[in-house]
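To keep things clear, I will list the structure first and then write my remarks on it.
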Amino acid sequence: MELPKSFEPHAIEAKWYPLWEAGGYFKPSWKEGARAYCIQLPPPNVTGTLHMGHAFQHTLMDVLIRWHRMLGDNTLWQLGTDHAGIATQIVVENQLKAEGHSRHELGRERFVEHVWKWKQESGSTITNQMRRLGTSGD
């Protein structure tokens, strides 16, 4: 058997990570009498992407979570989803401005539609990046 000269994780990650999620491996065990251990991850802004600081922070949290799972603790890494209402509004307003429009001329209902559309486009970027890192948040 010949080994490749460099490690190419894409095929391995694409196969195993969805199986881990589907198998519930990142969920709490709910074992009777087990100690509780939880980390709440404040969500990064929906308007951005992860950077090296996030990768470092997520690695440390993932190590702690996996360690407590191995100890048999009832472990939860609760991932947040968004806290960037104002930042999201600014991004969408800038998009509208580039198109020659404003939120005021659209009105509240149509502006909110644009915000939800943007959230759909960018909202999964960060959680997908976390999956690529191999983090084990629930």
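The values are calculated or read from the model by the stated rules, or taken from the named source; none is laboratory data. If you're wondering where the values come from, they're calculated on a predicted model, not measured in any experiment. As a convention, Cβ positions derive from the backbone with ideal geometry for all residues, glycine included, and neighbour counts pool all protein chains shown. With ligands, DNA and RNA removed, areas are computed over all heavy atoms of the protein, side chains included. Shrake-Rupley method; radii C 1.70, N 1.55, O 1.52, S 1.80 Å.
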How many percent of the accessible area of the range 8-73 is carbon or sulfur, using a 1.4 Å probe? 66 percent
Could you pull out the GluC sites (Glu not before Pro) across the range 72-124 that fall in loop regions by DSSP (anything but H, G, I, E, B) with no more than 12 other Cβ atoms inside 10 Å? 99
At 7 Å along the Cα-to-beta-carbon direction for both residue 20 and residue 51, put a label point, then send me their distance in nm to one decimal. 2.6 nm
Which value at 222 nm does the chain reach when only helices count, each DSSP H run of 4 or more adding -39,500 (n - 2.57), with the total divided by all residues and rounded to the nearest 500 deg cm²/dmol? -18000 deg cm²/dmol
Can you tell me the FRET efficiency between residue 7 and residue 138 if r is taken as the Cβ-Cβ distance and R0 is 41 Å, rounded to the nearest 0.05? 0.90
Taking one equal scatterer on every alpha-carbon of the chain, how large is log10 of I(q)/I(0) by Debye at q = 0.12, 0.14, 0.16, 0.17 1/Å? -0.65, -0.79, -0.92, -0.98
Round to the nearest 10 and give me the degree value, 0 to 90, for the angle of helix 108-133's Cα axis relative to the longest principal axis of the chain. 20 degrees
At 1.4 Å probe size, with every protein chain present, just tell me what the per residue accessible area of the chain comes to in Å². 72 Å²
For residue 117, give me every one of the lysines with a C-alpha distance below 28 angstrom, ignoring sequence neighbours fewer than eight places off in its own chain. 97
